[in-house]
Amino acid sequence: MFPKDFVWGCATASYQIEGAVKEDGRGASIWDIFSHTPGKIMNSDTGDAACDHYHHYPEDIQLMKTLGLKAYRFSIAWPRIIPDGNGQINESGIAFYDSLVDKLLEAGITPYPTLYHWDMPQALDEKGGWLNRESADWFANYTDVITRALGDRVKNWMTFNEPYCIAYLSYHEGVHAPGHKHVSYREANQALHHFYLAHGKAIPIIHANSSASKAGIVLSLSPVHAVTDSEADKAAAVRVDGKTNRWLADPLFKGAYPADRLALLGADGPDIQAGDMEIISTPMDFLGVNYYFRTVVGDDPNSPFVEKARYVDLPDVPRTDMGWEIYPEGLREILTWVQQEYNPPEIYMTENGCAVPDEVTAEGVVHDPPRSAYLKAHVAAAAAAVEQGACLKGYFAWSLLDNFEWAFGYDRRFGITYVDYPTQKRTPKDSFYTYQAIIRNNGLVE
Ligand code: IFM
């Protein structure tokens, strides 16, 4: 069962909810440019207005209070703080987060900000973005600015959200901003190496500016299973695990990229300078883990990618509106694996949730039994992980609100609160009340 001080939260991210992209001196981000590029986002949606949280945040904090939330994980938009990424500070941008933090604390809700949830200032992308090694220093400077401003009140900081996505979706598959598509992993690996340097440089800055604070990073992890028991498929699962999980966690905890993947990558591995791995493996206070689904693979010698694997969609398994398999057991598996393999001081489940094609009924309510069932099953799996020794300190549901789901625009709804985008009306879904009961019971509900 969960300890008494277990942290029950919800998570969101700046570009997905804030809107107000041109207000109060905010600079452009890579997602403004990407979402306005024809063909990149479903239905040509953009984050221009999103949930207009920038203006609705007091109402959203009221929702959090009703929910009984202990903590709120949000992200800070770098281009609101430093519009061109590395120059003039925008005091109005800081003022927004100042007020958000103050109002959260007044409501008894602990803020857990993430410094980078994908909205790099566009001006920095024009200087090479994460492919430019100087990006580590740009990020260190931004970290210094924002932690000086909020560090007296914010005591839990996350540097980066989901390195997997920042590296592979942005610099390999090209489906996320800035949209670079290559068969080779060379760019993805170099970008990752640079923002891992940024992460390592940020940790001591956070500790210096925010006394007695805790700092960590958020990885999206997925247990990788072989589709059959054949030796070839099992070997493929090890190779994909190298890409999906160990490539991201090993440098942070072991100070080295996994040797099996480095060998596969050959010349496509990152350029590493003396001292880099020490910076990257700067000790953290906690690890954030996002869990959504497991990965099932088989051997595929004809694949153009170095893992030589094919991703398998198992037939007849329950799936979310994203097509992701619903597999709560994977949450227990990944948390216990992280504990055994890396032994972080603390772990938070920083995102977990599902997309459902919700509708508001004529009575003005939203029935989303699949989401309630998803939450209950995954919280049960988290409890099992705690019983098996995972030092899990909190669970954050994704997401408080329906929001801009990146390349899927507003077409996919992850919220426990329905957002009617034209009117910005918020309607708590049935799952909102399920989560409220989970929080009230400190865990499982019938
Ligand atoms: O919406 C995203 C979030 O920004 C990062 N983690 C996964 C979520 C659902 O796809």
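The values are calculated or read from the model by the stated rules, or taken from the named source; none is laboratory data. Remember, predicted model here, so these are calculated numbers, not experimental data. Glycine also receives a Cβ, built like all others from the backbone with ideal geometry; neighbour counts cover every protein chain displayed. Note: areas computed on protein heavy atoms with side chains; ligands, DNA, RNA excluded. Shrake-Rupley method; radii C 1.70, N 1.55, O 1.52, S 1.80 Å.
Here is how the numbers come out for the structure above:
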quantity	calculated
Condition check for LEU335: crowded, with 21+ Cβ neighbours inside 10 Å and more than 15 Å from the ligand (Cβ to nearest atom)	yes
The range 395-421: number of residues that are within 12 Å of the ligand (Cβ to nearest atom) and of a type in the set (Val, Ile, Thr)	0
Some residue of the range 349-363 being of a type in the set (S, T, N, Q) and within 21 Å of PHE160 (Cα to Cα)	yes
Residue list for the range 294-319, filter: among the β-branched types (Val, Ile, Thr) and open to solvent by 20 Å² or more (accessible area, probe 1.4 Å)	VAL306, VAL312, VAL317
Evaluation of VAL145 against (1) free of Cβ contacts under 8 Å to residues at least 40 places away in the same chain; (2) part of a helix (DSSP H, G or I) (one fails), failing number	(1)
Any hit, the range 149-163, residues being open to solvent by 10 Å² or more (accessible area, probe 1.4 Å), within 16 Å of the ligand (Cβ to nearest atom) and not aliphatic (A, V, I, L, M)	yes
The lone exception for MET1 - which of (1) more than 21 Å from the chain's Cα centre (by Cα); (2) surrounded by fewer than 21 Cβ atoms within 10 Å (Cβ to Cβ); (3) at pLDDT 95 or above it fails	(3)
Failed criterion for VAL238 (all others in (1) open to solvent by less than 10 Å² (accessible area, probe 1.4 Å); (2) β-branched (Val, Ile, Thr); (3) touching a helix residue (DSSP H, G or I) at 6+ places or on another chain (Cβ under 9 Å) hold)	(1)
Spans of helices (runs of 4 or more DSSP H) in the range 185-263 with at least 2 residues of a type in the set (Gly, Ala, Ser) and more than 21 Å from the chain's Cα centre (by Cα)	231-241
Selected residue (criterion: farthest from CYS51 (Cα to Cα)) from residues of the range 369-394 that are more than 16 Å from the ligand (Cβ to nearest atom) and charged (D, E, K, R)	GLU387
Criterion (touching a residue at least 24 places away in the same chain (Cβ under 8 Å), under 29 Å from LEU169 (Cβ atoms) and open to solvent by less than 20 Å² (accessible area, probe 1.4 Å)) met by exactly one of GLU341, GLU351, GLU346	GLU351
Check on ASN403, surrounded by 22 or more Cβ atoms within 10 Å (Cβ to Cβ), among the polar types (S, T, N, Q) and within 23 Å of GLU329 (Cβ to Cβ)	no
Filter result (buried (at least 21 other Cβ atoms within 10 Å of the Cβ) and of a type outside the set (A, V, I, L, M, F, W, C)) within the range 271-293	GLY288, ASN290, TYR291, TYR292
Selected residue [small (Gly, Ala, Ser), surrounded by fewer than 18 Cβ atoms within 10 Å (Cβ to Cβ) and more than 30 Å from LEU375 (Cβ to Cβ)] from GLY39, GLY85	GLY39
Pairs with Cβ under 8 Å, 6+ apart, first in the range 368-390 and under 12 Å from LEU331 (Cα atoms), second surrounded by fewer than 23 Cβ atoms within 10 Å (Cβ to Cβ) and basic (Lys, Arg)	ALA381/ARG332; ALA382/ARG332; ALA384/ARG332; ALA385/ARG332
Number of positions in the range 168-185 that are of a type in the set (A, V, I, L, M, F, W, C) and without any contact (Cβ under 8 Å) to a residue 60 or more places away in the chain	1
Cβ-Cβ under 7 Å pairs, at least 6 apart or on other chains, the range 4-16 side assigned to a helix (DSSP H, G or I), far side of a type in the set (Phe, Trp, Tyr) and open to solvent by 10 Å² or more (accessible area, probe 1.4 Å)	TYR15/TRP118
